[in-house]
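Accompanying notes for the structure given below.
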Amino acid sequence: MQRTKNFIEELFDEKGNVHCDLVEIKDITLFSSSGDLVIDEILDCVQPKVLKNINNSPYSLYRKEEFEKALKQMHPIGLLAQMG
């Protein structure tokens with residue numbers, strides 16, 4: 001079985017003109033932004049799923065016993081992978 005590659009045969013520009021030439025297709029801007037981001041308004045509408053105290057817990061200090069318990073529960077291969 002022969003593998004085929006994906007390719008773009010033609011592309012429309014922002015004025016609706018069709019471009020088939022590879023050189024012309026490379027010059028077409030596919031995405032642009034007006035810079036009018038409303039991210040704060042979007043974030044105001046999103047309900048968080050993680051509570052702040054849970055989200056901040058990775059930055060808290062752990063006792064030696066908690067750390068040792070977690071290490072003993074890890075599979076040896078996973079532990080070696082995390083240690084680099």
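A count restricted to region 18-77 and to residues that are under 28 Å from Ile8 (Cβ atoms), assigned to a helix (DSSP H, G or I) and out of contact with any His (no Cβ under 8 Å at 6 or more places or on another chain) stands at 4.
Which ones in region 56-71 are of a type outside the set (A, V, I, L, M, F, W, C), exposed (fewer than 10 other Cβ atoms within 10 Å of the Cβ) and at pLDDT 75 or above? Answer for region 56-71, where residues must be of a type outside the set (A, V, I, L, M, F, W, C), exposed (fewer than 10 other Cβ atoms within 10 Å of the Cβ) and at pLDDT 75 or above: Arg63, Lys64, Glu65.
Any residue at all in region 73-84 that is farther than 30 Å from Phe7 by Cα, of a type outside the set (Gly, Ala, Ser) and modelled with pLDDT of 80 or more? Yes, region 73-84 contains at least one residue that is farther than 30 Å from Phe7 by Cα, of a type outside the set (Gly, Ala, Ser) and modelled with pLDDT of 80 or more. Cβ-Cβ contacts under 7 Å between residues 6 or more apart (or on different chains), taken from a first residue in region 20-48 that is closer than 30 Å to Phe7 by Cβ to a second residue that is not basic (Lys, Arg), are listed as Cys20/Glu9; Cys20/Glu10; Ile25/Ile8; Ile25/Leu11; Ile25/His19; Ile28/Leu11; Ile28/Asp13; Ile28/His19. Inclusion of Arg3 among residues that are out of contact with any Pro (no Cβ under 6 Å at 6 or more places or on another chain) and either among the acidic types (Asp, Glu) or at pLDDT below 80 (or both) is warranted.
Checking Ile28 against (1) surrounded by 10 or more Cβ atoms within 10 Å (Cβ to Cβ); (2) modelled with pLDDT of 85 or more, which single condition isn't satisfied? Failing condition for Ile28: (2).
The values are calculated or read from the model by the stated rules, or taken from the named source; none is laboratory data. Everything numeric here is computed off the predicted structure, so don't read it as measured data. Glycine gets a Cβ as well: all are built from the backbone with ideal geometry, and neighbour counts include every protein chain shown.
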